[in-house]
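J.: What follows is a single structure, and I will ask about it in a moment.
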Amino acid sequence: MSLVYAGMCCHAPGITVRPEQADPELLAGLHAAFDQQRQAIEDAGAEVLVMVSSEHFANFFMDNMPTFSMGIADEYESPIENPDWLKVPKVTIPGSPDLSQRIIGQLLETVDISWAQEWKFDHGLAVPLNFLTPEYKMPIIPVNINCQAPPLTPLHRAWALGKALRQAIDAVPEKVALISTGGTSHWPCTPESGKINLEWDKVLVDQLIHKRKDELLDYKFQQTFIDGGAGAGEMRTSICVAAACEETVGEVLFFEPIPVFATTCVIATFFQG
Amino acid sequence: MSVYYVQKLMYNLNRDPDLRERFDKDREDVLSLYKLTDEELEALTKPDIGLLYVMGVNGQILMHYAAIFNMPWAEYLRVMEEGLEKHGPVRSGLYVMSESNEK
Ligand SMILES: [Fe+2]
(Lines give C-alpha, C1' and ligand atoms only; values in the text may rest on other atoms or scores of the structure.)
Protein backbone atom coordinates (compact mmCIF):
# COMPACT_ATOMS: atom_id res chain seq x y z
CA MET A 1 0.00 0.00 0.00
CA SER A 2 1.83 3.05 -1.09
CA LEU A 3 -0.91 5.66 -1.20
CA VAL A 4 -0.37 7.28 2.19
CA TYR A 5 -2.64 10.33 2.02
CA ALA A 6 -5.30 11.77 -0.28
CA GLY A 7 -7.27 14.98 -0.07
CA MET A 8 -8.57 18.07 -1.78
CA CYS A 9 -7.77 21.74 -1.44
CA CYS A 10 -8.59 25.04 -3.14
CA HIS A 11 -6.46 27.16 -5.47
CA ALA A 12 -8.16 30.54 -5.94
CA PRO A 13 -5.47 33.08 -6.84
CA GLY A 14 -7.05 35.58 -4.42
CA ILE A 15 -5.73 33.44 -1.54
CA THR A 16 -2.23 34.76 -2.21
CA VAL A 17 -3.03 37.88 -4.28
CA ARG A 18 -5.33 39.69 -1.84
CA PRO A 19 -5.35 37.90 1.54
CA GLU A 20 -5.54 41.23 3.39
CA GLN A 21 -9.03 41.81 1.96
CA ALA A 22 -10.45 38.61 3.49
CA ASP A 23 -12.08 38.34 6.91
CA PRO A 24 -9.01 37.77 9.15
CA GLU A 25 -10.70 34.98 11.09
CA LEU A 26 -11.63 33.08 7.93
CA LEU A 27 -8.16 33.61 6.50
CA ALA A 28 -6.54 32.30 9.69
CA GLY A 29 -8.84 29.26 9.55
CA LEU A 30 -7.92 28.57 5.93
CA HIS A 31 -4.20 28.91 6.64
CA ALA A 32 -4.54 26.59 9.66
CA ALA A 33 -6.35 23.98 7.54
CA PHE A 34 -3.70 24.14 4.81
CA ASP A 35 -1.13 23.67 7.56
CA GLN A 36 -3.05 20.72 8.96
CA GLN A 37 -3.04 19.14 5.50
CA ARG A 38 0.68 19.85 5.08
CA GLN A 39 1.33 18.20 8.45
CA ALA A 40 -0.81 15.18 7.56
CA ILE A 41 1.11 14.70 4.31
CA GLU A 42 4.42 14.92 6.17
CA ASP A 43 3.27 12.67 9.04
CA ALA A 44 2.16 10.08 6.49
CA GLY A 45 5.79 9.95 5.33
CA ALA A 46 4.93 10.98 1.77
CA GLU A 47 7.99 11.08 -0.48
CA VAL A 48 6.19 12.43 -3.53
CA LEU A 49 3.09 14.54 -3.98
CA VAL A 50 0.89 13.88 -7.01
CA MET A 51 -1.23 16.98 -7.65
CA VAL A 52 -4.35 16.54 -9.78
CA SER A 53 -5.22 19.94 -11.09
CA SER A 54 -7.03 21.79 -13.80
CA GLU A 55 -4.69 24.29 -15.32
CA HIS A 56 -5.97 27.38 -17.07
CA PHE A 57 -4.45 27.37 -20.57
CA ALA A 58 -0.92 27.76 -19.23
CA ASN A 59 0.53 24.62 -20.86
CA PHE A 60 -2.31 22.98 -22.72
CA PHE A 61 -4.25 24.71 -25.46
CA MET A 62 -6.91 23.99 -28.05
CA ASP A 63 -4.24 23.15 -30.61
CA ASN A 64 -3.96 19.71 -28.99
CA MET A 65 -5.92 19.51 -25.74
CA PRO A 66 -5.18 16.40 -23.70
CA THR A 67 -8.03 14.71 -21.85
CA PHE A 68 -5.46 13.75 -19.21
CA SER A 69 -1.80 14.58 -18.87
CA MET A 70 0.99 13.82 -16.38
CA GLY A 71 4.34 15.50 -15.90
CA ILE A 72 7.46 13.43 -16.44
CA ALA A 73 10.08 16.18 -16.00
CA ASP A 74 13.08 16.45 -13.66
CA GLU A 75 11.83 19.85 -12.51
CA TYR A 76 9.07 22.37 -13.06
CA GLU A 77 9.04 26.17 -13.13
CA SER A 78 6.47 27.95 -10.98
CA PRO A 79 4.50 30.16 -11.33
CA ILE A 80 3.84 30.98 -14.97
CA GLU A 81 1.98 34.10 -13.83
CA ASN A 82 3.88 37.19 -12.77
CA PRO A 83 5.12 36.24 -9.26
CA ASP A 84 4.75 39.86 -8.14
CA TRP A 85 1.04 39.62 -8.99
CA LEU A 86 0.44 36.11 -7.61
CA LYS A 87 2.65 36.89 -4.59
CA VAL A 88 4.27 33.48 -4.49
CA PRO A 89 8.00 32.99 -5.02
CA LYS A 90 9.39 32.13 -8.45
CA VAL A 91 10.87 28.67 -7.89
CA THR A 92 12.06 25.53 -9.59
CA ILE A 93 10.23 22.56 -8.11
CA PRO A 94 11.74 19.07 -8.21
CA GLY A 95 9.86 16.39 -10.14
CA SER A 96 10.22 12.65 -9.85
CA PRO A 97 10.85 11.51 -13.43
CA ASP A 98 11.55 7.88 -12.67
CA LEU A 99 8.37 7.50 -10.64
CA SER A 100 6.41 9.41 -13.33
CA GLN A 101 7.67 6.92 -15.92
CA ARG A 102 6.56 3.93 -13.90
CA ILE A 103 3.14 5.37 -13.02
CA ILE A 104 2.48 6.49 -16.60
CA GLY A 105 3.56 3.10 -17.92
CA GLN A 106 1.01 1.46 -15.66
CA LEU A 107 -1.77 4.01 -16.37
CA LEU A 108 -1.40 3.56 -20.12
CA GLU A 109 -2.64 0.00 -19.78
CA THR A 110 -6.15 1.38 -19.24
CA VAL A 111 -6.14 5.20 -19.58
CA ASP A 112 -5.05 7.31 -22.55
CA ILE A 113 -2.95 9.80 -20.62
CA SER A 114 -0.51 12.09 -22.40
CA TRP A 115 2.75 13.04 -20.74
CA ALA A 116 4.81 16.19 -20.78
CA GLN A 117 8.46 17.05 -20.20
CA GLU A 118 7.68 20.78 -20.10
CA TRP A 119 5.16 22.09 -17.63
CA LYS A 120 5.02 25.52 -16.02
CA PHE A 121 2.80 25.49 -12.94
CA ASP A 122 0.02 28.08 -12.90
CA HIS A 123 -1.90 29.27 -9.84
CA GLY A 124 -3.83 25.98 -9.80
CA LEU A 125 -0.68 24.36 -8.41
CA ALA A 126 1.39 27.32 -7.29
CA VAL A 127 -1.17 28.58 -4.75
CA PRO A 128 -1.72 25.29 -2.89
CA LEU A 129 1.98 24.33 -3.04
CA ASN A 130 2.84 27.63 -1.41
CA PHE A 131 1.09 26.23 1.68
CA LEU A 132 1.53 22.46 1.35
CA THR A 133 5.24 22.41 0.47
CA PRO A 134 6.47 25.86 1.50
CA GLU A 135 10.12 24.80 1.21
CA TYR A 136 9.51 23.46 -2.33
CA LYS A 137 11.67 20.43 -1.58
CA MET A 138 9.01 17.72 -1.91
CA PRO A 139 9.03 16.24 -5.43
CA ILE A 140 5.80 16.99 -7.28
CA ILE A 141 4.15 15.09 -10.13
CA PRO A 142 1.49 17.22 -11.82
CA VAL A 143 -1.60 15.68 -13.39
CA ASN A 144 -4.02 17.66 -15.52
CA ILE A 145 -7.62 16.94 -16.45
CA ASN A 146 -9.29 19.06 -19.12
CA CYS A 147 -11.85 21.00 -17.10
CA GLN A 148 -11.68 24.20 -19.16
CA ALA A 149 -12.09 23.68 -22.90
CA PRO A 150 -15.18 21.78 -24.06
CA PRO A 151 -15.63 19.01 -24.89
CA LEU A 152 -14.45 18.42 -21.32
CA THR A 153 -13.24 15.11 -19.93
CA PRO A 154 -16.37 13.10 -19.01
CA LEU A 155 -16.83 12.68 -15.25
CA HIS A 156 -16.77 8.89 -15.40
CA ARG A 157 -13.41 9.10 -17.18
CA ALA A 158 -12.06 11.27 -14.36
CA TRP A 159 -13.32 8.61 -11.94
CA ALA A 160 -11.62 5.90 -14.01
CA LEU A 161 -8.35 7.84 -13.95
CA GLY A 162 -8.58 7.96 -10.14
CA LYS A 163 -9.04 4.20 -9.96
CA ALA A 164 -6.11 3.61 -12.31
CA LEU A 165 -3.94 6.06 -10.38
CA ARG A 166 -4.60 4.21 -7.15
CA GLN A 167 -3.65 0.90 -8.73
CA ALA A 168 -0.48 2.37 -10.21
CA ILE A 169 0.51 4.14 -6.99
CA ASP A 170 -0.07 1.03 -4.90
CA ALA A 171 2.25 -0.89 -7.22
CA VAL A 172 5.28 1.33 -6.51
CA PRO A 173 7.42 1.22 -3.35
CA GLU A 174 7.43 5.00 -2.83
CA LYS A 175 5.03 6.59 -0.37
CA VAL A 176 2.77 8.86 -2.38
CA ALA A 177 0.26 11.57 -1.41
CA LEU A 178 -2.48 12.57 -3.83
CA ILE A 179 -4.20 15.98 -3.78
CA SER A 180 -6.86 17.51 -6.00
CA THR A 181 -7.25 21.24 -6.31
CA GLY A 182 -10.71 22.57 -6.94
CA GLY A 183 -14.32 21.94 -7.85
CA THR A 184 -16.53 24.35 -5.92
CA SER A 185 -18.75 26.88 -7.68
CA HIS A 186 -17.11 29.94 -9.18
CA TRP A 187 -17.45 32.19 -12.19
CA PRO A 188 -13.81 33.16 -12.81
CA CYS A 189 -12.88 36.15 -14.97
CA THR A 190 -16.46 36.83 -16.11
CA PRO A 191 -19.00 39.55 -15.24
CA GLU A 192 -20.44 37.08 -12.71
CA SER A 193 -17.11 36.72 -10.90
CA GLY A 194 -17.62 36.69 -7.13
CA LYS A 195 -20.86 34.72 -7.20
CA ILE A 196 -20.87 31.67 -4.88
CA ASN A 197 -23.51 28.91 -4.78
CA LEU A 198 -23.01 27.76 -1.20
CA GLU A 199 -25.81 25.16 -1.12
CA TRP A 200 -24.49 23.55 -4.29
CA ASP A 201 -20.96 23.52 -2.83
CA LYS A 202 -22.21 21.83 0.36
CA VAL A 203 -23.85 19.04 -1.60
CA LEU A 204 -20.79 18.52 -3.82
CA VAL A 205 -18.28 18.38 -0.96
CA ASP A 206 -20.53 15.99 0.98
CA GLN A 207 -20.72 13.70 -2.06
CA LEU A 208 -16.93 13.83 -2.44
CA ILE A 209 -16.26 13.09 1.22
CA HIS A 210 -18.62 10.11 1.15
CA LYS A 211 -17.44 9.08 -2.34
CA ARG A 212 -21.02 8.82 -3.59
CA LYS A 213 -20.05 7.70 -7.05
CA ASP A 214 -23.51 7.58 -8.64
CA GLU A 215 -24.34 11.12 -7.53
CA LEU A 216 -20.91 12.49 -8.49
CA LEU A 217 -21.06 11.01 -11.97
CA ASP A 218 -24.60 12.27 -12.53
CA TYR A 219 -23.71 15.99 -12.87
CA LYS A 220 -24.63 17.29 -16.33
CA PHE A 221 -22.38 19.68 -18.23
CA GLN A 222 -24.83 22.51 -18.90
CA GLN A 223 -26.64 22.37 -15.54
CA THR A 224 -23.29 22.34 -13.72
CA PHE A 225 -22.26 25.41 -15.69
CA ILE A 226 -25.48 27.22 -14.68
CA ASP A 227 -25.37 26.13 -11.02
CA GLY A 228 -21.63 26.31 -10.40
CA GLY A 229 -20.16 28.49 -13.14
CA ALA A 230 -17.37 27.65 -15.55
CA GLY A 231 -15.09 27.01 -12.56
CA ALA A 232 -17.20 24.10 -11.34
CA GLY A 233 -15.86 22.02 -14.22
CA GLU A 234 -12.81 21.60 -12.00
CA MET A 235 -14.84 19.11 -9.93
CA ARG A 236 -13.20 16.52 -12.21
CA THR A 237 -9.97 16.80 -10.24
CA SER A 238 -11.67 16.02 -6.94
CA ILE A 239 -13.86 13.29 -8.45
CA CYS A 240 -10.63 11.67 -9.66
CA VAL A 241 -8.99 11.74 -6.22
CA ALA A 242 -12.21 10.60 -4.49
CA ALA A 243 -12.27 7.59 -6.82
CA ALA A 244 -8.71 6.75 -5.84
CA CYS A 245 -9.88 6.10 -2.27
CA GLU A 246 -13.53 5.20 -2.71
CA GLU A 247 -13.43 2.80 0.24
CA THR A 248 -12.91 5.43 2.95
CA VAL A 249 -15.05 8.30 4.22
CA GLY A 250 -13.20 11.59 4.25
CA GLU A 251 -13.25 14.56 6.58
CA VAL A 252 -13.75 18.26 5.92
CA LEU A 253 -11.00 20.35 7.53
CA PHE A 254 -12.24 23.71 6.21
CA PHE A 255 -15.34 24.80 4.31
CA GLU A 256 -16.10 28.53 4.12
CA PRO A 257 -17.22 30.85 1.36
CA ILE A 258 -14.69 33.68 1.13
CA PRO A 259 -16.26 36.27 -1.21
CA VAL A 260 -13.05 38.18 -1.91
CA PHE A 261 -11.53 34.89 -3.15
CA ALA A 262 -14.68 34.41 -5.29
CA THR A 263 -15.32 30.83 -4.17
CA THR A 264 -15.98 28.52 -1.24
CA CYS A 265 -12.57 27.53 0.07
CA VAL A 266 -12.32 23.85 0.94
CA ILE A 267 -9.63 21.71 2.51
CA ALA A 268 -10.53 18.07 3.05
CA THR A 269 -8.94 14.73 3.80
CA PHE A 270 -10.17 11.88 1.60
CA PHE A 271 -7.86 9.13 2.82
CA GLN A 272 -5.25 8.67 5.51
CA GLY A 273 -3.05 5.57 5.31
CA MET B 1 -13.60 29.44 -35.45
CA SER B 2 -11.16 32.24 -35.80
CA VAL B 3 -11.53 33.53 -32.22
CA TYR B 4 -9.23 30.53 -31.85
CA TYR B 5 -6.28 32.57 -33.14
CA VAL B 6 -7.16 35.46 -30.83
CA GLN B 7 -6.82 33.03 -27.94
CA LYS B 8 -3.71 31.43 -29.44
CA LEU B 9 -2.01 34.82 -29.47
CA MET B 10 -2.92 35.40 -25.82
CA TYR B 11 -1.72 31.90 -24.87
CA ASN B 12 1.59 32.48 -26.64
CA LEU B 13 2.07 35.89 -25.00
CA ASN B 14 1.69 34.23 -21.59
CA ARG B 15 4.28 31.58 -22.33
CA ASP B 16 6.89 33.27 -24.47
CA PRO B 17 8.79 36.18 -22.89
CA ASP B 18 10.48 37.05 -26.24
CA LEU B 19 7.16 37.31 -28.03
CA ARG B 20 5.83 39.41 -25.15
CA GLU B 21 8.78 41.78 -25.46
CA ARG B 22 8.23 42.06 -29.19
CA PHE B 23 4.52 42.71 -28.56
CA ASP B 24 5.31 45.50 -26.10
CA LYS B 25 7.60 47.15 -28.67
CA ASP B 26 5.47 46.69 -31.79
CA ARG B 27 1.98 45.34 -31.23
CA GLU B 28 0.98 45.44 -34.91
CA ASP B 29 4.01 43.43 -35.92
CA VAL B 30 3.08 40.57 -33.59
CA LEU B 31 -0.62 40.74 -34.48
CA SER B 32 0.27 40.38 -38.16
CA LEU B 33 1.56 36.86 -37.42
CA TYR B 34 -1.97 35.62 -36.67
CA LYS B 35 -4.93 34.89 -38.90
CA LEU B 36 -7.43 37.45 -37.60
CA THR B 37 -10.61 39.09 -38.88
CA ASP B 38 -10.70 42.90 -39.09
CA GLU B 39 -12.96 43.03 -36.04
CA GLU B 40 -10.60 40.79 -34.04
CA LEU B 41 -7.59 42.81 -35.08
CA GLU B 42 -9.27 46.05 -34.02
CA ALA B 43 -10.42 44.61 -30.69
CA LEU B 44 -6.93 43.30 -29.93
CA THR B 45 -5.22 46.53 -30.96
CA LYS B 46 -7.39 48.93 -28.95
CA PRO B 47 -7.70 46.75 -26.78
CA ASP B 48 -11.48 46.33 -26.47
CA ILE B 49 -11.67 43.71 -23.72
CA GLY B 50 -15.49 43.88 -23.63
CA LEU B 51 -15.74 43.04 -27.32
CA LEU B 52 -13.20 40.23 -26.99
CA TYR B 53 -15.37 38.77 -24.19
CA VAL B 54 -18.49 39.06 -26.39
CA MET B 55 -16.67 37.36 -29.26
CA GLY B 56 -16.15 34.34 -26.99
CA VAL B 57 -12.61 34.58 -25.63
CA ASN B 58 -12.30 32.48 -22.45
CA GLY B 59 -11.93 34.67 -19.34
CA GLN B 60 -9.02 32.59 -18.08
CA ILE B 61 -7.05 33.77 -21.12
CA LEU B 62 -8.63 37.20 -21.53
CA MET B 63 -7.75 38.21 -18.00
CA HIS B 64 -4.04 37.82 -18.78
CA TYR B 65 -4.37 39.94 -21.92
CA ALA B 66 -6.05 42.68 -19.86
CA ALA B 67 -3.21 42.42 -17.34
CA ILE B 68 -0.66 43.17 -20.10
CA PHE B 69 -2.27 46.62 -20.30
CA ASN B 70 -2.22 46.94 -16.49
CA MET B 71 -6.00 46.95 -16.36
CA PRO B 72 -7.17 46.87 -12.72
CA TRP B 73 -9.47 43.98 -11.80
CA ALA B 74 -12.51 46.18 -11.16
CA GLU B 75 -12.12 47.78 -14.57
CA TYR B 76 -11.74 44.38 -16.22
CA LEU B 77 -15.10 43.33 -14.77
CA ARG B 78 -16.69 46.65 -15.77
CA VAL B 79 -15.56 46.60 -19.40
CA MET B 80 -16.99 43.10 -19.84
CA GLU B 81 -20.38 44.40 -18.68
CA GLU B 82 -20.03 47.35 -21.03
CA GLY B 83 -19.12 44.98 -23.87
CA LEU B 84 -22.35 43.06 -23.32
CA GLU B 85 -24.38 46.30 -23.35
CA LYS B 86 -22.71 47.62 -26.45
CA HIS B 87 -22.20 44.51 -28.56
CA GLY B 88 -24.96 42.20 -27.35
CA PRO B 89 -24.75 38.68 -25.91
CA VAL B 90 -21.66 36.46 -26.03
CA ARG B 91 -21.41 34.96 -29.52
CA SER B 92 -19.38 31.80 -29.05
CA GLY B 93 -17.66 29.59 -26.51
CA LEU B 94 -18.64 28.54 -23.00
CA TYR B 95 -20.36 31.72 -21.87
CA VAL B 96 -23.12 31.38 -24.46
CA MET B 97 -24.65 29.07 -21.82
CA SER B 98 -24.70 31.79 -19.12
CA GLU B 99 -28.19 32.68 -17.87
CA SER B 100 -27.22 36.34 -17.98
CA ASN B 101 -26.37 36.06 -21.67
CA GLU B 102 -30.01 36.32 -22.68
CA LYS B 103 -30.90 39.63 -21.04
FE1 LIG C 1 -9.15 27.10 -11.40
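The values are calculated or read from the model by the stated rules, or taken from the named source; none is laboratory data. Because the structure is predicted, anything quoted here is derived from the model rather than measured. Note that we place each Cβ from the backbone using ideal geometry, even for glycine, and neighbour counts take in every protein chain shown. Protein only, heavy atoms only, side chains kept; ligands, DNA and RNA dropped before computing areas. Shrake-Rupley method; radii C 1.70, N 1.55, O 1.52, S 1.80 Å.
J.: Just read off the accessible area of A:His156 with the full protein assembly in place, 1.4 Å probe, to the nearest 10 Å².
T.: Counting only protein heavy atoms, the figure is 110 Å².
J.: Taking θ = phi - 60°, what integer Hz values does the Karplus form 6.51 cos²θ - 1.76 cosθ + 1.60 yield along region A:28-44, in sequence order, with x for Gly and Pro?
T.: These are the phi-based 3J(HN,Hα) values: 4, x, 5, 4, 5, 5, 4, 5, 4, 5, 4, 4, 5, 5, 5, 4, 6 Hz.
J.: B:Ser92's amide H: which non-local residues (gap 5+, or another chain) put their own amide H closer than 5 Å, with H modeled 1.01 Å from N in plane and none for Pro or chain starts?
T.: Correct list: B:Gly56.
J.: Let's see if you can work this out: charge +1 on each Lys and Arg Cβ, -1 on each Asp and Glu Cβ, no other charges. What is the dipole magnitude of the protein assembly as shown about its Cα centre, in debye to the nearest 20?
T.: Charge dipole of the protein assembly as shown: 400 debye, to the nearest 20.
J.: Where in region B:1-47 does accessible area fall by at least 20 Å² between the isolated chain and the complete protein assembly, at a 1.4 Å probe radius?
T.: Those are B:Tyr4, B:Gln7, B:Lys8, B:Tyr11, B:Asn14, B:Arg15, which lose 20 Å² or more relative to the chain on its own.
J.: Roll a 1.4 Å probe over the protein chains and send me the accessible area per residue for region A:173-256 in Å².
T.: On a per-residue basis, 36 Å².
J.: Residues of region A:213-248 losing 10 Å² or more of accessible area relative to the isolated chain, 1.4 Å probe, heavy atoms only?
T.: Flagged in region A:213-248: A:Phe221, A:Gln222, A:Phe225, A:Ile226, A:Ala230.
J.: Run the accessible area of chain A with a 1.4 Å probe and give the carbon-and-sulfur part as a rounded percent.
T.: 50
J.: In square angstrom and rounded to 100, what buried accessible area do you get between chains B and A, total over both, with the probe at 1.4 Å?
T.: Roughly 2400 Å² of accessible surface disappears when B and A pair.
J.: Let me ask something else about it. If you take every residue apart from A:Pro151 with its C-beta less than 14 Å away from the C-beta of A:Pro151, what net charge results, scoring Lys and Arg +1 and Asp and Glu -1?
T.: Residues close to A:Pro151 contribute a combined charge of +3.
J.: Would you grab the residues whose amide H sits under 5 Å from the one on A:Ile141? Only those 5+ places off in sequence or on another chain, please, with H modelled 1.01 Å from N.
T.: A:Leu49, A:Val50, A:Met51
J.: Amide H neighbours of A:Gly182 under 5 Å, at least 5 residues apart or on other chains, H built in the peptide plane: list them.
T.: Answer set, sorted by chain and number: A:Cys9.
J.: I've got another one for you. Obtain the nm distance between the two label points defined at A:Glu47 and A:Glu251 by a simple spin-label model: each point lies 7 Å from its Cα along the Cα-to-C-beta direction.
T.: About 2.7 nm separates the two model spin labels.
J.: Can I ask one more? Averaged per residue, what accessible surface does region A:1-93 expose to a 1.4 Å probe, in Å²?
T.: On a per-residue basis, 38 Å².
J.: Further question on the same structure: Which pairs in the list A:Lys87/A:Lys163; A:Lys90/B:Lys8; A:Lys120/A:Lys163; A:Lys175/B:Lys8; A:Lys90/A:Lys211 are over 31 Å apart, alpha-carbon to alpha-carbon?
T.: The pairs that break the limit, which is 31 Å between Cα atoms, are A:Lys87/A:Lys163; A:Lys175/B:Lys8; A:Lys90/A:Lys211.
J.: Which residues make up the longest stretch of chain A that has no GluC sites (Glu not before Pro) in a DSSP loop with at most 12 other Cβ atoms within 10 Å?
T.: A:136-246
J.: Step through the residues of region A:165-178 one at a time and calculate ³J(HN,Hα) from phi using the Karplus curve (6.51 cos²θ - 1.76 cosθ + 1.60, θ = phi - 60°), rounding each to whole Hz and writing x for Gly and Pro.
T.: Result, rounded to whole Hz: 4, 4, 4, 5, 5, 5, 8, 9, x, 5, 8, 10, 9, 10.
J.: Another question, then. Name the residues of region A:149-165 whose amide N is less than 20 Å from a point 7 angstrom out from the Cα of A:Gln222 along the C-beta direction?
T.: Flagged as within label range: A:149-156.
J.: Using alpha carbon centroids, what distance separates region A:75-117 and region B:73-103, in Å?
T.: 34
J.: For chain A, what is the Kirkwood hydrodynamic radius in Å, using each pair of distinct C-alpha atoms?
T.: Roughly 18.1 Å, rounded to one decimal.
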